[in-house]
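First comes the structure, then the notes that go with it.
Throughout, read-outs are computed from the coordinates displayed, never taken from laboratory work. Predicted model only: the values in this text are computed from it and were never measured. Heads up, the Cβs are rebuilt from the backbone with ideal geometry, glycines too, and the neighbour counts pull from every protein chain shown.
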Amino acid sequence: MSTTTDPKTSVEVLLAAAGLTVTPEEFDAIVRSYPDVRAQIDAMYAVPMLKEEEPQLVFTPFV
């Protein structure tokens, strides 16, 4: 999933949803780092899995 809005708008919405207030300097730093952080989060959910493969719900070390 990727965002189509600009980082400033995304950060404003996320901070408002969390009920957080930050200084202008903190806000600028968050906006600058947001695209990289968003890409890292998206990469965590982009784990490939074969359609025929079922998720492993139980770890069995003896298989």
Legend entry - Two-site label geometry, V22 and R38: point separation in nm, points 7 Å out along Cα→Cβ: 1.4 nm
Legend entry - Packing-based exposure ordering (other Cβ within 10 Å, fewest first) of S10, S33: S33, S10
